[in-house]
1. Please identify the pairs in which a residue from the range 260-276 that is charged (D, E, K, R) has its Cβ atom under 6 Å from the Cβ atom of a residue that is within 10 Å of the ligand (Cβ to nearest atom), counting only partners at least 6 apart or on another chain.
2. In this structure, is G62 assigned to a loop (DSSP other than H, G, I, E, B) and either out of contact with any helix residue (DSSP H, G or I) (no Cβ under 9 Å at 6 or more places or on another chain) or free of Cβ contacts under 8 Å to residues at least 12 places away in the same chain (or both)?
3. Going by the structure shown, is T46 of a type in the set (S, T, N, Q), touching a residue at least 24 places away in the same chain (Cβ under 8 Å) and in contact with a strand residue (DSSP E or B) (Cβ under 6 Å, 6 or more places away or on another chain)?
4. Quick one: in the range 64-82, which of the residues that are within 24 Å of L252 (Cα to Cα) and more than 18 Å from the chain's Cα centre (by Cα) is surrounded by the fewest Cβ atoms within 10 Å (Cβ to Cβ)?
5. When you check Y61 against the structure, is it crowded, with 17+ Cβ neighbours inside 10 Å, closer than 16 Å to C301 by Cβ and among the hydroxyl-bearing types (S, T, Y), yes or no?
6. How many residues are surrounded by fewer than 19 Cβ atoms within 10 Å (Cβ to Cβ), aliphatic (A, V, I, L, M) and farther than 15 Å from A183 by Cβ if we restrict to the range 106-148?
7. Check the range 83-105 and report whether any residue there is of a type in the set (S, T, Y), surrounded by fewer than 18 Cβ atoms within 10 Å (Cβ to Cβ) and free of Cβ contacts under 8 Å to residues at least 24 places away in the same chain.
8. Within the range 165-179, is even one residue within 29 Å of the chain's Cα centre (by Cα) and within 11 Å of the ligand (Cβ to nearest atom)?
Amino acid sequence: MTTDSGAVLPPGSVIGIMGGGQLGRMITLAAARLGYRCAVFCESETDPAAQVCNTVIAAPYGDPPALRRFAAIADVVTFEFENLPRDAATWLSEHTLVRPNVRCLEISQDRVLEKTFLNDLGVATAPWTEINDAAALDRAWDTIGSPAVFKTAQLGYDGKGQAMIRTREQLDEAWDGVDRVKAVVEGFIDFTCEVSVIVARAPNGQIQCYDVVENQHANHILDVTIAPARIARKTAKEAREIAVSMAEALDLTGLLAVEMFVTGDGKVLVNEIAPRPHNSGHWTLDACVTDQFEQMVRAVCGLPLGTPARLSNALMRNLIGDQASRWHDILRTPETKLHLYGKAETRPGRKMGHMTRLYPLADHWAPDSVDAALKHWN
Ligand code: AMP
């Protein structure tokens with residue numbers, strides 16, 4: 001594996017991005033503003049990021065000739081999703097500079113590695129246990145009890161591969177339903193809210209951390225992000241400190257998004273991490289001095305990080321499936337910022353775009369103001 005020498009890549013260099021989705025698209029646009037060029041490795045030439053980059057390599061992610069071409073073009077390789085085949089990521093790290101490092105990817109790909117890493121660091125999670133054989137189901141039922149949440153260890157996102165568990169039989173059904181692959185069972189957390197933090201770290205160890213935001217989901221998909229989160233100052237401080245300690249422990253170069261539950265008694269439990277830009281950071285495009293995509297470009301190119309200072313309060317709403325077909329209505333509200341991802345095909349559950357509204361800067365939202373704003377907002 002090539003070790004990271006802390007190299008600075010000047011504007012004009014080529015950033016290779018594994019993945020062609022909306023995150024890759026927004027990284028590419030930020031890179032262009034700073035004078036970089038991007039090569040996107042993705043599955044189709046019509047992918048959102050492929051539409052806006054300099055070079056597209058459209059091939060399956062493990063394709064050796066395509067990986068060779070990609071490594072030859074890119075001065076640094078980064079990724080916009082974590083479920084990249086591990087062999088491809090490892091091969092790339094042996095042939096070019098990969099930021100963040102492959103360990104960040106491996107840990108975020110596997111809930112067992114992720115939770116072990118978190119707990120070893122002293123970071124609290126929901127109580128959990130690994131499922132790798134039938135006896136482990138009994139152990140899970142005895143130790144975690146009910147209600148619980150069953151999750152596949154790998155390849156789960158937006159609630160996929162998950163099941164709510166209330167009876168011992170449901171545990172069997174859940175494991176059978178995913179063909180008995182490695183999984184975890186975790187205690188159901190009766191949280192007051194879900195929050196996330198995005199932290200950026202440069203190769204020289206410089207760190208910048210965005211404000212903690214609150215996330216509301218619909219059908220297991222992020223619906224609304226509220227910036228800042230409506231939580232106590234002390235809780236926000238703890239959430240940021242957890243994210244920073246994780247970035248340091250991972251020797252991260254790039255961005256780390258950390259999703260957390262906040263309980264009624266103010267406890268912060270980490271749910272999962274992603275070493276890349278995050279949907280819950282899209283509000284930063286319109287409300288921060290340096291948005292998450294520019295910050296990622298700065299980090300992976302070894303540039304000084306920008307300030308993540310928030311210039312206003314913000315609400316971000318995802319446009320899922322045919323919600324994006326209302327683009328004309330949305331634009332008729334002149335205060336709303338619309339972002340569309342250029343996806344040709346609308347499918348239920350597919351993230352097609354998002355919209356952001358800005359509100360006067362404050363540490364706290366006035367009581368009921370968020371609910372009132374969301375009710376009257378498009
Ligand atoms: P995940 O794929 O782990 O991000 O889970 C998707 C969503 O399911 C989370 O954002 C929560 O809303 C919910 N969820 C996941 N794990 C738990 C848990 N242990 N307790 C309560 N809700 C959970």
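1. E272/E259
2. For G62, the condition - assigned to a loop (DSSP other than H, G, I, E, B) and either out of contact with any helix residue (DSSP H, G or I) (no Cβ under 9 Å at 6 or more places or on another chain) or free of Cβ contacts under 8 Å to residues at least 12 places away in the same chain (or both) - is not met.
3. In short, no.
4. A72
5. no
6. Of the residues in that region, 2 qualify.
7. Let us first name the residues in the range 83-105 that are of a type in the set (S, T, Y), namely 90, 93, 96.
Filter again for surrounded by fewer than 18 Cβ atoms within 10 Å (Cβ to Cβ), leaving 90.
With free of Cβ contacts under 8 Å to residues at least 24 places away in the same chain added as a condition, the list becomes none.
Looking through the range 83-105, none of the residues is of a type in the set (S, T, Y), surrounded by fewer than 18 Cβ atoms within 10 Å (Cβ to Cβ) and free of Cβ contacts under 8 Å to residues at least 24 places away in the same chain.
8. Yes, the range 165-179 contains a residue that is within 29 Å of the chain's Cα centre (by Cα) and within 11 Å of the ligand (Cβ to nearest atom).
None of the figures in this text is laboratory data; all of them are computed from the coordinates on show. Note that the structure is predicted; figures quoted are calculated from it, not measured. Every residue, glycine among them, receives a Cβ derived from its backbone with ideal geometry; neighbour counts consider all protein chains shown.
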